[in-house]
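First up is the structure itself, then whatever we jot down about it.
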Amino acid sequence: MSKVIFTSSATAKNGRDGHVKSEDGLIDLKLVNPAKNKTDKGSNPEQLFAAGYAACYDGALNHVASEQKKKINSETTAEVSFMKDPDDNGFKIGVTLNITIEGVGPEEAEELAEDAHQFCPYSKATRGNIEVILNPKAV
């Protein structure tokens, strides 16, 4: 196993219609399945994954830009979709990363976006398992 830098932990009870809480209490959320419950307020696994992926990817983007001596400002929005899987009659997720990069041109933005996708731990974890669409935009 690789050298562990830190470990985070969260516990979920009662699945998609339950509750999730991080070990430090910063995340303490009611879970609601939006496919079945359109009225109650709460988070869901896809929303939590989107938040984590957006933060991790944007960090990777800024890291690779820094390594390439490029000064940027960026914002990443992860859209995580819950979908029916036609191959096994189950479910799957897909991700679109909408990436806004200030300080470079369109071609550089595309190159940085791809470099970040190769570097990002979330991208590495999902590579070959889910479809991830990169949508970089230079501003």
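The residue list Asp28, Asp17 contains one member that is loosely packed, with under 13 Cβ neighbours inside 10 Å and of a type in the set (D, E, K, R), which is Asp28. Only residues that are under 25 Å from Ser123 (Cβ atoms), among the hydroxyl-bearing types (Ser, Thr, Tyr) and over 19 Å from the mean Cα position of the chain (by Cα) were counted in region 1-53, giving 1. Restricting attention to region 79-105, the residues that are within 13 Å of Leu134 (Cα to Cα) and more than 16 Å from the chain's Cα centre (by Cα) add up to 1.
Within the option set Asn89, Asn129, Asn62, being under 30 Å from Thr7 (Cα atoms) and modelled with pLDDT under 95 holds for one residue only, Asn129.
Here the strands (runs of 3 or more DSSP E) wholly within region 3-44 that include at least 2 residues being among the aliphatic types (A, V, I, L, M) are 10-13. Answer yes or no as to whether Val32 is at pLDDT 95 or above, under 22 Å from Thr11 (Cα atoms), of a type outside the set (Gly, Ala, Ser) and assigned by TED's automatic domain parsing to the domain that holds Ser8. Taking the combined requirement at face value, the residue satisfies it.
When region 50-87 is filtered for residues that are without any contact (Cβ under 8 Å) to a residue 12 or more places away in the chain, of a type in the set (Asp, Glu) and outside any helix (DSSP H, G or I), the ones remaining, listed by number, are Asp85, Asp87.
When Gly105, Gly90 are screened for being exposed (fewer than 13 other Cβ atoms within 10 Å of the Cβ), of a type outside the set (A, V, I, L, M, F, W, C) and touching a residue at least 12 places away in the same chain (Cβ under 8 Å), only Gly105 passes.
The values are calculated or read from the model by the stated rules, or taken from the named source; none is laboratory data. Keep in mind the model is a prediction, meaning the values are calculated, not measured. FYI the Cβ positions are ideal-geometry reconstructions off the backbone, even for glycines, and counts take in every protein chain you see.
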